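Heads up: the structure comes next, in structure tokens.
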Amino acid sequence: PNGILLKSTTQMPSVFPLSFFIYGDDRTIPSIYGRSYIYILWGPIENVFYHPRIVIEYYEKGSTVMKTKAVPLYYTTENGVQKGVYPTPTKTNFVSIDTSVINKALNEIPQNGLDKSNYTISQIDVQLIVYDENLSTYYTSTQESIDSYTVMLDMPDYSDITGGYGLFASYIRTDFYIKFTADYLSAQGYY
């Protein structure tokens, strides 16, 4: 109504799944490299954040609905209770998860007293969200100096809208799949 033209641009991060993830990453569990962890590395892009999410995909016997179980990076104990610590946005272009964490996540799948034989484990899906520069800058502006002792009285203002205020940004998601070997799943009690 006031005649002000709002303007902003975004550029999607260049992510091509077949060439984005680096050859040599773990593609099976256990690792063919003899490691006690899985390691996934992707091509670096300057000035962007990555947000990985690791999930185990599985089915309950007799169902065609795929379910997922989120896998934390590691577990920590608070007040005698173990809690998973999950990935947050980062500039680091890799993720590494100890196999013992994957084992624990697999053991948490059976629900309601069901036996592991009632589940079919499919694979691990590393869902990688890549923020563009605008979203990365915004995320950085909201995370500066935040820790458990910080009280923010005046959050920093970030806007990439010319003639106005707000955020115009984009992100892209790509997936990297890791297969379980039959022997590994059998050793975990899944058949």
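Filtering the range 40-67 to residues that are under 13 Å from the mean Cα position of the chain (by Cα) and either modelled with pLDDT of 90 or more or hydroxyl-bearing (Ser, Thr, Tyr) (or both) leaves Phe49, Tyr50, His51, Pro52, Arg53, Ile54, Val55, Ile56.
Sort out which residues of the range 96-126 are closer than 30 Å to Asn47 by Cα and surrounded by fewer than 17 Cβ atoms within 10 Å (Cβ to Cβ), and write them in order of number. Can you show your working first?
Looking only at the range 96-126, we keep the residues that are closer than 30 Å to Asn47 by Cα, and these are 96-98, 124-126.
Within the range 96-126, Ser96, Asp98 qualify.
Where strands (runs of 3 or more DSSP E) sit wholly within the range 1-95, those with at least 1 residues that are open to solvent by less than 90 Å² (accessible area, probe 1.4 Å) and of a type in the set (Ser, Thr, Tyr) occupy 37-41, 50-60, 67-70, 74-78.
Yes/no per residue for (1) over 14 Å from Tyr191 (Cα atoms); (2) touching a residue at least 40 places away in the same chain (Cβ under 8 Å):
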{"residue": "Phe94", "(1), (2)": "yes, yes"}
{"residue": "Thr99", "(1), (2)": "yes, yes"}
{"residue": "Leu106", "(1), (2)": "no, yes"}
{"residue": "Gln111", "(1), (2)": "yes, no"}
{"residue": "Asp115", "(1), (2)": "no, no"}
{"residue": "Ile121", "(1), (2)": "no, yes"}
{"residue": "Val126", "(1), (2)": "yes, yes"}
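Suppose we keep only residues that are among the aliphatic types (A, V, I, L, M) and more than 21 Å from Val65 (Cβ to Cβ) within the range 116-151. Which one would you say is modelled with the lowest pLDDT? I'd like the intermediate steps shown before the answer.
At the first step, the residues of the range 116-151 found to be among the aliphatic types (A, V, I, L, M) are 121, 124, 126, 128-130, 135, 146, 151.
Of the ones still in play, those that are also more than 21 Å from Val65 (Cβ to Cβ) are 126, 128-130, 135, 146, 151.
Values: Val126: 91, Leu128: 91, Ile129: 91, Val130: 91, Leu135: 85, Ile146: 55, Val151: 61.
Result: Ile146.
The values are calculated or read from the model by the stated rules, or taken from the named source; none is laboratory data. Only a predicted model underlies this, so the values are computations on that prediction, with no experimental measurement involved. Using ideal geometry, Cβ is built from the backbone for each residue, glycine included, and neighbour counts are taken over all protein chains shown. Heavy atoms of the whole protein, side chains included, go into the accessibility calculation; ligands, DNA and RNA do not. Shrake-Rupley method; radii C 1.70, N 1.55, O 1.52, S 1.80 Å.
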